[in-house]
1. Can you report the principal axis dimensions of the stretch 55-165 using only the alpha carbons, biggest first, rounded to whole angstrom?
2. Give me the angle, in degrees from 0 to 90, between the Cα long axis of helix 140-153 and the longest principal axis of the Cα atoms of the chain, rounded to the nearest 10.
3. With an 8 Å cut-off on Cα pairs and a minimum separation of 6 or more residues, tell me the relative contact order of the chain in percent.
4. Let me have the 222 nm mean residue ellipticity of the chain computed from DSSP H runs of 4+ only, each contributing -39500 (n - 2.57), with the sum over all residues rounded to the nearest 500.
5. Using a cut-off of 24 Å between alpha-carbon atoms, which lysines can reach K345, once sequence neighbours fewer than 8 places away in the same chain are excluded?
6. Which of the listed residues, G155, L75, A91, is farthest toward the dipole's positive end in the stretch 55-165, when Lys, Arg count +1 and Asp, Glu count -1 at the beta-carbon?
7. With +1 assigned to the C-beta of every Lys and Arg and -1 to the C-beta of every Asp and Glu, and no other charges, what is the dipole magnitude of the stretch 202-346 about the Cα centre in debye, to the nearest 20?
8. What dipole magnitude, in Debye to the nearest 20, does the chain give about its Cα centre under +1 on Lys/Arg Cβ and -1 on Asp/Glu Cβ?
Amino acid sequence: MDLSRFPRRRYTTHPTPLEPMPRFSQALAASCPGGQGPELWIKRDDMLGLFPGGNKTRKLEFLVADALAQGADTLITCGAPQSNHCRITLAAAVKEGLKCRFVIEERVPHSFHDDASGNHFMFRLMGVEAITVVPGGSNMAQAMQAEAELLMAQGRKGYIIPGGGSNAIGGLGYAACAQELQQQCFDQGVSFDRVVVGSGSSGTHGGLLAGFLGNHIQVPIVGVGVSRDPADQEPLVHREAQAVLDLVGIPMTVPREAVVSVGGYWQPKYSIPNDKMVEAVQMLARTEGILLDPVYTGKIMAGLIGLARQGFFKPQERVLFLHTGGLPSLHAYENEVLGKAPVVKL
Ligand SMILES: Cc1ncc(COP(=O)(O)O)c(C=O)c1O
């Protein structure tokens, strides 16, 4: 899979660490059938550039390069009030000398507060040019187009990045991650039986799958839904993986059965804490000293823990968890993750 013909900015200097998690594996095994669980490893995409980086950093390397190639002076994107994607897009804009504007969707009514901490604080600190707040369910593409037209009327040029940076160009970031992982496995002499990844706007899951298929990496990927159950999520991932393969020019149809996701861990609603997320965040922090966020990676890890306890992984299977970042929003949910505020029981 040759990605070299696509323009790319570089926001991370090294491959992200690929590490075993022996203490977490041991703690989890104790609650698995027969006291045996998988051997867990982690790929630290929470250590990507545009600190504190995350999965969006990889997508933005290709998206921002495309924006610059098109002569844009402003990035326009959208997300929820505590969006990691918006924060990292803004960091990329600042680094490139571009302006940045957001359309924020209040998916949970009244969840936007101008004095909020976490990512929202960083929006203000890094100097977002404008934030337009719209109600949940709004047409985000239309709202971003309105921003672009506003700029055009001023003689400026906006570049629209879809929610989560998930289109074919953004997905190239995770196809590149597949190549990075393949090289690391070779260098470190390690192989995996399965990879567990978050599945939201689908650029991470779909891009990684395209990268696995395009590089003949025969390791199954399981996506844990952060906002949808499989019936709604899998078609999105399939479409994204296919779009990435098509863009790269690989004449392959993504097999439907290669798209696997699990649901049941994101409820009661996107971004609203639950008890399984709290357990996952506490367990990883207290066994490996690695922090997860409450909106995405905490729920994704809860999915991995749940699958292990159901006996989904064979004993001694080596399973890789992809940490996709998101840490600043942890500060907006401190009481919930410390068990000091009530959360929904799943
Ligand atoms: C920390 C984190 N993990 C996972 C995801 C989900 O990734 P994707 O939207 O590419 O499916 C997101 C999306 O915003 C995220 O911020």
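Bear in mind that the values in this text are calculations on the coordinates, not laboratory data. Here the structure is a predicted model, which is why all the values come from computation and not from measurement. Here the Cβ is made from the backbone with ideal geometry for all residues, glycine too, and neighbour counts use every protein chain on show.
1. Sorted largest first, the three principal extents are 37, 26, 21 Å.
2. Value to nearest ten degrees: 30.
3. That works out to 22 percent.
4. It comes out at -13000 deg cm²/dmol, rounded to the nearest 500.
5. Cross-link targets: K269, K276, K299.
6. A91
7. For the stretch 202-346, the charge dipole is close to 260 debye.
8. I would put it at about 160 debye.
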